Amino acid sequence: MIRIKKTIENPQGQVLLATLLFCFIFFSLFIGVYKSGIVYSLKERATRSCDLTALSAGAVYGNGMQLVRLSNAILMGFAMVDLGIMALAVAFSSVVSLGALAAAAIKADPHFRQIVQNLQRVLFGIGTTPIPGAYPLLIFSESLSIAEDNGLKNNWPLPAQLSWRIPFPPSPIMLFNLEGSNSLLISVIPNMALKFRTANLFIPSLENSVKKTARYYYTNKSTGERIYVNADQAEIAPNSTNAGQMRVKKGALGKESNGKFLVINQEAEKEAQKEADQEFKKASIQKIETSLGGISSLLNGVLLDVTDQDTPPNHTVLVYSTFPTSVRNTNQASTNLECASEISVEGTGLSAWNLSDPPYQCRLISTDPNRIIEIINTQTQLKNLINSNKIPPLSNIFNLNP
Amino acid sequence: MNLSNQIKNRSNGQALTEMVLVIPILFLMAASIFQFSIFLSAKTYLEQACEQTARLYASGAFSRNEGPGQIANQIWFALGSGQRFFNETSIVVIDSPTSTLLSNSFLPAINNIPPPVGPLIASSTANLLSYTGKKWIINAQFHALPIFRVLFPVGLPMTTQMAVLKYPAQE
């Protein structure tokens with residue numbers, strides 16, 4: 001108490017003390033600004049690096065799509081040669097019946113096109129999952145190089161190393177054509193989402209189910225909301241002034257909706273008409289199919305050119321990467337910044353006649369934040385898979401351990 | 001003795017003296033925070049300008065003339081209102097090939113094959129694998145505030161690097 005009194009009476013050095021306090025506050029502020037500023041700047045760079053890596057993957061992917069077009073053109077050339085030889089065989093055959101001519105043509109088929117198809121299989125990894133094709137591997141490897149050039153963490157070893165092993169945890173992770181993949185783990189394997197077109201694709205599909213649409217609706221008078229009702233939830237209203245007036249079936253929707261008069265949903269009515277037409281077409285095609293003796297299943301085995309696996313075509317690459325920084329966290333450990341970028345590769349088509357079309361181009365698309373969670377889960381799954389020793393290193397596979 | 005005691009106990013102007021001593025320190029600290037914020041802002045401008053330039057390159061916007069000078073010009077243009085933090089001449093771009101398999105392994109290996117096979121393979125490779133890329137190191141000098149120019153007369157250096165591939169190599 002006496003000391004405080006003395007200090008009040010004699011204010012020497014108080015300003016200095018207050019200044020020192022301010023200096024400390026300023027210093028803390030400076031440290032805060034410094035840390036957040038540096039992290040923001042690094043985040044900016046990490047995002048850029050990830051974007052550029054994804055764009056680079058897209059560039060190599062786009063080049064691959066042009067190669068697919070070229071290979072399809074070559075395949076077409078080989079198919080023409082096959083057809084020519086078959087035509088010659090038919091022309092020079094002495095038989096006259098249609099069946100014998102067909103048999104002669106099939107016998108004379110040299111199957112040159114299969115050489116190209118086998119090459120396409122190996123090159124683009126068509127139907128070879130889980131073994132990736134040569135070109136998808138090139139996309140992966142080139143993207144890794146660019147990731148490293150951009151300062152992103154790359155712990156994938158060089159493919160030339162004998163003790164090649166999936167890193168733990170792998171970074172960067174690339175997910176190929178995630179939309180069309182059955183699982184995230186499958187999309188980790190480099191692929192180009194391609195398949196062979198089969199001859200039965202030209203027969204209209206019989207499996208197309210028409211989307212069920214609500215046939216009727218009524219309007220909730222208090223909220224103005226339209227409540228849509230399916231045909232099986234409606235019944236004819238008895239003793240109605242309007243003939244054929246429908247109402248909500250008792251217990252079909254809930255207490256509030258019971259007995260509400262319904263209005264016909266015009267769009268659904270049109271849809272129903274379409275459905276009826278399609279049913280009619282379907283029945284006709286089925287009749288034709290039956291009469292031709294299962295031609296569809298026969299054509300299913302006839303492989304044509306390479307086309308997109310999904311309809312509509314989906315060619316995307318998602319890059320999830322780590323940008324190492326020297327910024328320390330509270331545990332004095334270096335902080336890594338995680339970022340994700342996704343690109344879509346788009347073009348006019350993969351057929352041989354698209355060869356002279358503009359090349360495939362890639363563009364950055366926004367990444368769904370939910371995807372990030374999925375990717376982190378994939379990373380964990382990969383980690384567990386590696387831990388369980390289900391994936392041996394290449395050196396073990398080839399028995400090359402020193 | 002009395003006089004000396006009186007002088008000792010007089011505190012007139014003491015606070016003023018202390019203020020004179022500490023205000024420059026406070027001012028310097030506030031100015032350095034301000035300066036540092038501007039520096040970070042400039043850095044962000046530069047990073048964004050670099051990204052825009054790389055994306056333009058990837059889209060094939062300057063396929064005819066994509067030397068370091070053209071890249072530096074594009075970065076300067078993309079800086080927009082951030083130009084006030086830099087000198088145009090201080091932006092220096094150094095380019096080099098990327099470390100991709102194509103530029104690091106395939107092309108050097110093909111170049112070692114003697115003619116006529118080598119050039120033939122080279123031209124077909126250029127047609128089949130027609131993507132290309134560059135890696136750039138970008139150096140720029142940030143204008144310090146007048147008060148800090150005493151400490152940094154030529155400005156504060158900033159360096160960043162980026163790499164990207166583009167397809168097709170020639171539009």
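The values are calculated or read from the model by the stated rules, or taken from the named source; none is laboratory data. Keep in mind the model is a prediction, meaning the values are calculated, not measured. Here the Cβ positions follow ideal geometry from the backbone for every residue, glycine too, while neighbour counts run over all protein chains shown. When the accessible area is computed, the model is the full protein with side chains, heavy atoms only, and any ligands, DNA or RNA have been set aside. Shrake-Rupley method; radii C 1.70, N 1.55, O 1.52, S 1.80 Å.
For this structure, a couple of remarks:
- Relative contact order (percent, whole number), region B:129-171, Cα cutoff 8 Å, 6+ residue spacing: 57
- Of the DSSP H helices in chain B, those that are both long (alpha-carbon extent of 15 Å or more along the helix axis) and hydrophobic (Kyte-Doolittle mean at least 0.0) are B:14-58, B:68-79, B:117-128.
- Where A meets B: accessible area buried, both sides, 1.4 Å probe, Å²: 3800
- Within the accessible area of chain B (1.4 Å probe), percent carbon and sulfur: 63
- Accessible area (Å², per residue) of region B:3-166, counting only protein heavy atoms and a probe of 1.4 Å: 54
- Averaged over the residues of peptide A:140-150, the number of Cβ atoms from other protein chains lying within 10 Å of each residue's Cβ is 6.
- Cross-link pairs exceeding 30 Å in C-alpha to C-alpha distance, out of A:LYS195/A:LYS281; B:LYS43/B:LYS135; A:LYS221/A:LYS249; A:LYS195/B:LYS135, comprise A:LYS195/B:LYS135.
- Percent RCO, i.e. relative contact order, over chain B, from Cα pairs under 8 Å lying at least 6 residues apart: 24
- Values of log10 I(q)/I(0) for region B:3-166 across q = 0.08, 0.12 Å⁻¹ run -0.44, -0.70, by the Debye formula with one identical scatterer at each alpha carbon and no solvent.
- Under 5 Å, built H, 5+ apart or other chain: amide partners of A:VAL306: A:ARG197
- Delta accessible area of at least 40 Å² on complex formation, residues of region B:28-63, 1.4 Å probe, chain isolated as reference: B:MET29, B:ILE33, B:PHE36, B:LEU40, B:THR44, B:GLU47, B:GLU51, B:ARG55
- List of region A:32-50 residues, accessible area with partners at least 20 Å² below that of the chain alone (1.4 Å probe): A:VAL33, A:TYR34, A:GLY37, A:TYR40, A:SER41, A:GLU44, A:ARG45, A:ARG48
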